[in-house]
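Below: the structure, in structure tokens.
The values are calculated or read from the model by the stated rules, or taken from the named source; none is laboratory data. Computed from a prediction, not measured in an experiment: that's the story for all the values here. All Cβ positions, glycine included, derive from the backbone under ideal geometry; neighbour counts span all protein chains shown.
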Amino acid sequence: MDDLVKNTNERIFITGGKKLHGSVTISGAKNAALPLMALSLIINKGFTLSNVPNLADTRLMLKLLNDLGIQTKWENGKIDFNGLPLNDHASYDLVRQMRASILILGPLLVSQGSAKVPLPGGCAIGSRPIDLHVMVMERLGANIKFESGYIIGSVPSSGLKGAKIDFPKISVGATESAILTAALAKGQTVISNAAQEPEIVDLVNCLNKAGADIMGEGTNKIIINGVKSLNKVHHEVVADRIEAGSFAIASSITMGDVEIKNVIPKNLQFFLKVLENTGSKVEVFKNSINICAFRKPLPYDVTTQEHPGFPTDLQAQYMTLMSLADGNSQITENIFENRFMHVPELIRMGAKISVNKQKATIKGVDYLKAAKVMASDLRASMCLILGGLVALGTSEIDGIYHLDRGYENIVDKLSNLGADIRRSR
Ligand code: EPZ
């Protein structure tokens, strides 16, 4: 099967030096849409999602669901889902392309009483284990075994039962797995050390609208009282805070003035404070922010943390900003073990960065120079685009199928803000 993700050999060309001006509207969040789409496996009628970003990853999740027998219609960002899964076996060819496929394990167990899901591989940023997802299923009463690269799950005739789930470490995906699976389990589930990401809050908002009984979302303790079934529901996917943060940095790094619309400012609170500490002017409105900068950024150290701390998904983009800072800064990556692959590419653009385990030290330079660079993962591709926006000359960015996983219409959005950017073979 052709890769639904690695489906382009196009490149992006950017001629740096343009200050970005104007306004941009942020798309729905990939990391909210993916768990929400998995809900279609347990809401068997009248489930509709709007503001779904058209991305390689959401298209892949749709294919995965269609493969399992869910009928879908996707028009203008709105997906109608109908029917329950007709089988419990997810295709290896699809699961291997996207780690978030693991989110279908719990809902398949709930709706089918069994599941056969390929072990998702690791990816560039880390080994990405799924032991916490498996722990969740076992705590809720499922039997899980591994056979030739598959996770084989089955539910006893008595069904799934609510349980205490104490996470030894915070995991966004495993928290989502617990919520997706416990919503229809018998009795109460109490999740401790839960992830607090806004995408989890969005998932719970949708579930409660469909008749679930969940409290504590957005805190580290979530209480779920299982219900018998879920009703039809329409839900609008929350705006993508990582895309918004990426555009905020694009405005700062080009010393532009950009209005970023369709944003929930509180979901970016920590990051916006950091951006202000680098000297950017940040104006916050009800569902938009305005970012402008008039000088080189000031150096400001960050350590990535689970929400509400500095998001790991903005680490690479922030590093590009710090590569032009008026002094030295340090970035510590605490979430993933290998999330500095963008460093050698930024160095090719003239950045001065040294890495020691989880710490990157960035010595600000006066300017970056255009170069041919290769994206290694989704957020690294955005980091290189940000470099291209300010580098002297025309940069060429390869491997942009990574970009298509998580940024909708990024070239149009940036050129509408005045960037000299195009994509072609
Ligand atoms: C989600 O990944 C996001 N993906 C990631 O965004 C994001 O970087 C990450 O959360 C952290 O915020 C989606 O939501 C689809 P984790 P997830 O489970 O759920 C370890 C992007 O760029 N871990 O919170 O996979 C894991 O190795 C992507 O949009 C286990 O040890 O992240 C990591 O070190 C990249 N065992 C840490 O926990 C497990 O069973 C946090 O991972 C699961 C995770």
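For region 164-227, the strands (runs of 3 or more DSSP E) that sit wholly inside it and include 2 or more residues that are closer than 13 Å to residue 133 by Cα are 164-166.
Of all residues in region 109-124, which are within 13 Å of the ligand (Cβ to nearest atom) and either among the aliphatic types (A, V, I, L, M) or in a helix (DSSP H, G or I) (or both)?
Result: 119, 124.
Quick check on region 99-106. Is at least one of its residues more than 22 Å from residue 47 (Cα to Cα) and modelled with pLDDT of 95 or more? No: zero hits. Among residues that are away from the ligand (no atom under 16 Å from the Cβ) and surrounded by fewer than 24 Cβ atoms within 10 Å (Cβ to Cβ), residue 326 is included.
Filtering 86, 105 for residues that are within 20 Å of residue 184 (Cβ to Cβ), aliphatic (A, V, I, L, M) and surrounded by fewer than 17 Cβ atoms within 10 Å (Cβ to Cβ) leaves a single hit, 86. Screening residue 376 against (1) in a loop (DSSP other than H, G, I, E, B); (2) among the small types (Gly, Ala, Ser); (3) under 21 Å from residue 257 (Cβ atoms) leaves a single unmet condition, (3). Considering region 27-89, the qualifying strands (runs of 3 or more DSSP E), each wholly inside and each with 1 or more residues that are more than 16 Å from the ligand (Cβ to nearest atom), touching a helix residue (DSSP H, G or I) at 6+ places or on another chain (Cβ under 9 Å) and polar (S, T, N, Q), run over 71-75, 78-82.
Can you find a residue that is of a type in the set (A, V, I, L, M), in contact with a strand residue (DSSP E or B) (Cβ under 6 Å, 6 or more places away or on another chain), in contact (Cβ under 8 Å) with a residue 60 or more places away in the chain and not in a loop (DSSP other than H, G, I, E, B) anywhere in region 255-268? Yes; the residues of region 255-268 include at least one that is of a type in the set (A, V, I, L, M), in contact with a strand residue (DSSP E or B) (Cβ under 6 Å, 6 or more places away or on another chain), in contact (Cβ under 8 Å) with a residue 60 or more places away in the chain and not in a loop (DSSP other than H, G, I, E, B).
Among 306, 236, 276, which is the only one that is more than 16 Å from the ligand (Cβ to nearest atom) and either over 30 Å from residue 84 (Cβ atoms) or buried (at least 21 other Cβ atoms within 10 Å of the Cβ) (or both)?
Selected residue: 276, the only one of 306, 236, 276 that is more than 16 Å from the ligand (Cβ to nearest atom) and either over 30 Å from residue 84 (Cβ atoms) or buried (at least 21 other Cβ atoms within 10 Å of the Cβ) (or both).
Condition test on residue 354, is it closer than 21 Å to residue 297 by Cα and either touching a strand residue (DSSP E or B) at 6+ places or on another chain (Cβ under 8 Å) or not in a loop (DSSP other than H, G, I, E, B) (or both)? Considered against the rule, which asks whether it is closer than 21 Å to residue 297 by Cα and either touching a strand residue (DSSP E or B) at 6+ places or on another chain (Cβ under 8 Å) or not in a loop (DSSP other than H, G, I, E, B) (or both), residue 354 comes out as yes. For first residues located in region 165-187 and in contact (Cβ under 8 Å) with a residue 40 or more places away in the chain, partners that are more than 8 Å from the ligand (Cβ to nearest atom) and among the hydroxyl-bearing types (Ser, Thr, Tyr) and lie 6+ apart or on another chain with Cβ distances below 9 Å form the pairs 178/189; 179/189; 181/189; 182/189; 183/189; 184/111; 184/229; 186/158. The set of residues in region 228-254 that are assigned to a loop (DSSP other than H, G, I, E, B), closer than 30 Å to residue 166 by Cα and of a type in the set (D, E, K, R) comprises 228, 240.
Filtered by the rule that a residue be without any contact (Cβ under 8 Å) to a residue 60 or more places away in the chain, within 21 Å of residue 378 (Cβ to Cβ) and over 16 Å from the mean Cα position of the chain (by Cα), region 304-345 gives 322, 331, 332, 333, 334, 340, 342, 343, 344, 345. Residues in region 136-163 that are of a type in the set (A, V, I, L, M, F, W, C) and more than 17 Å from residue 107 (Cβ to Cβ): 2 in all. For region 125-160, filtering for residues that are within 7 Å of the ligand (Cβ to nearest atom), part of a loop (DSSP other than H, G, I, E, B) and in contact with a strand residue (DSSP E or B) (Cβ under 9 Å, 6 or more places away or on another chain) leaves 1.
Every residue, every condition in (1) in contact with a Gly (Cβ under 7 Å, 6 or more places away or on another chain); (2) among the hydrophobic types (A, V, I, L, M, F, W, C); (3) farther than 26 Å from residue 411 by Cα, yes or no:
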{"site": "201", "(1), (2), (3)": "yes, yes, yes"}
{"site": "210", "(1), (2), (3)": "no, yes, yes"}
{"site": "215", "(1), (2), (3)": "no, yes, yes"}
{"site": "218", "(1), (2), (3)": "no, no, yes"}
{"site": "229", "(1), (2), (3)": "no, no, yes"}
{"site": "234", "(1), (2), (3)": "no, no, yes"}
{"site": "250", "(1), (2), (3)": "no, yes, no"}
{"site": "255", "(1), (2), (3)": "no, yes, no"}
{"site": "268", "(1), (2), (3)": "yes, yes, no"}
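Could you run through region 378-425 and say how many residues are of a type in the set (Asp, Glu) and under 24 Å from residue 239 (Cβ atoms)? Number satisfying all stated conditions: 3.
Of all residues in region 401-419, exactly one satisfies the criterion of being outside any helix (DSSP H, G or I), at negative phi and out of contact with any Leu (no Cβ under 9 Å at 6 or more places or on another chain), namely 401. Is it the case that residue 351 is among the aliphatic types (A, V, I, L, M), away from the ligand (no atom under 16 Å from the Cβ), closer than 30 Å to residue 127 by Cα and touching a residue at least 12 places away in the same chain (Cβ under 8 Å)? Yes: the conditions hold for residue 351.
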